[in-house]
Amino acid sequence: ATEVWAIYGDSVFDSFSANPRFEHKPLKGGVLGYKGREGAFVSRSEIISEAKEQNRVLQWFEGLNDRLGDTTAFMDDIQAIVDRFGLENFTDCHSPGVSYMQDGAAAFKKWFAAEDPEAFEEIDGKIYPKCGEPFAGKVWTSKRARERYAQHQRDGTTGKWCTPFVTSSGYGTAHFLQQMHIWNISACVFNLNWGDYVTAGREFRSLEYWWWPDTTFDAQGPVGVVGLPQDQIQHSEEYYLTPVDATDCNLYANPLLPDVDDLGDPIMLLLKKAQIQTIDMSKMLRAVSTGSSVRDTVCEWMKADNYANLPRVLGWVPVQCAAGEQEVAGACEPCAAGSYSSGGVSAR
């Protein structure tokens, strides 16, 4: 199977249809029905555990609020990340490559211009995130982060003053700029090229943009930051108090499967019946990402809890009956009087 954002599903299906290499089209676009999620993640599970010991709940946007305590104490210093990659390798906030971030700046202005006019700037009629000191042009700082940095400057002190938030190509920042402001989070939001983004997510304690299913950061055990249920009406107006719900990604069946247009195809029937719980899928993805083979991972899942999953799997397997027979409760029996079957495959 392959992971594809649902909003691109039609274009993916069209590309399958138009390409002469693909002799068969995926049934109903190949959608298997699994939903993914995207958004803000705490980059390491141990950060959540450490915060819990101090009665902090960092997997909620409201729990990151600076008024509840110093969230930066659980994170790495933004300066360490700058030193690791070099500020010159951070994506410029005015770059066309971060158009999502620029769209986010325009939405921020729409709702919060009066509360924080220093969060954005207008240049030649276009709205951009205003990325000022101390990382001018490269790192956007929330209002609370700017206040903390200014306090350090007045006091002549050093130390951590913002929570790093790493993404690439501006992904997710249309939401994050507002959420960092609404929840009073002391955040430094910046973009890196894909390779550096992956390295930063693996090496540093931070907030990060990520999506699931994906195994890029599974070894670190990132934890999604959640909030109030998504308000689609607010989102349609570009107001992002609420994060995106976990409904933006689908898994698609491999388009090279044989005869997938055929409703009786046994492979597609099996895929349509197969349903694996999200928690089990997450465990299997993590096992594969840390070195287990796909075969061994599936076998371990099948053997878990004294083969508890075996009856489920057997229920997915299509039944092949001969002409004059029909499938009844997973077995082939003679057709009832007055009826006829040419045989073939049916789902259990």
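Amide hydrogen proximity for Ala40: with H placed 1.01 Å from N in the peptide plane, the residues at 5 or more positions away or on another chain lying under 5 Å are Val225. Scalar couplings 3J(HN,Hα) for the range 175-190, obtained by applying the Karplus form with A = 6.51, B = -1.76, C = 1.60 to θ = phi - 60°, are 7, 5, 4, 6, 5, 5, 6, 4, 9, 6, 9, 7, 10, 10, 9, 8 Hz; x denotes Gly and Pro. A Förster radius of 22 Å, combined with the Cβ-Cβ distance separating Lys52 from Ile279, puts the computed FRET efficiency at roughly 0.65.
For the listed residue pairs Lys110/Lys130; Lys110/Lys143; Lys283/Lys303; Lys109/Lys160; Lys110/Lys138, the alpha carbons are over 19 angstrom apart in Lys109/Lys160; Lys110/Lys138.
With K and R counted +1 and D and E -1, the other residues having a Cβ less than 12 Å from that of Ala107 yield a net charge of -1.
Summarising the amide proton neighbourhood of Ile276: residues at separation of 5 or more, or on other chains, whose placed amide H is nearer than 5 Å comprise an empty set. In the complete set of protein chains, residue-level accessible area for Met101 is approximately 0 Å², probe 1.4 angstrom.
The accessible area of Leu228, taken with all protein chains in place and a 1.4 Å probe, comes to roughly 90 Å².
Per-residue Karplus couplings for the range 55-71, computed as 6.51 cos²θ - 1.76 cosθ + 1.60 with θ equal to phi - 60°, are listed in order as 6, 10, 10, 8, 8, 10, 4, 5, x, 7, 4, 5, 6, 8, x, 7, 5 Hz, Gly and Pro entered as x. Computed from label points 7 Å out along Cα-Cβ, the spacing between Asp296 and Gln153 is 5.5 nm.
Where the accessible area of the range 275-345 is counted over protein heavy atoms with a 1.4 Å probe, how much of it, in %, is carbon and sulfur? Accessible surface attributable to carbon and sulfur in the range 275-345 totals 57 percent. Sorting Asp66, Asp83 by solvent-accessible area of protein heavy atoms yields Asp83, Asp66, largest first, with a 1.4 Å probe. A cut-off of 5 Å between modelled amide H atoms, ignoring neighbours fewer than 5 places along the same chain, links Gln326 with Glu333, Cys335.
Applied to the range 107-112, the Karplus parametrisation 6.51 cos²θ - 1.76 cosθ + 1.60 on θ = phi - 60° returns per-residue 3J(HN,Hα) values of 5, 4, 4, 4, 10, 10 Hz, with x for Gly and Pro.
The values are calculated or read from the model by the stated rules, or taken from the named source; none is laboratory data. What you are looking at is a predicted structure, and each value in this text was computed from that prediction instead of being measured. Every residue, glycine as well, gets a Cβ built from its backbone with ideal geometry; the counts of neighbours run over all protein chains shown. Please note that ligands, DNA and RNA were not included when accessible areas were found on the heavy atoms of the full protein model with its side chains. Shrake-Rupley method; radii C 1.70, N 1.55, O 1.52, S 1.80 Å.
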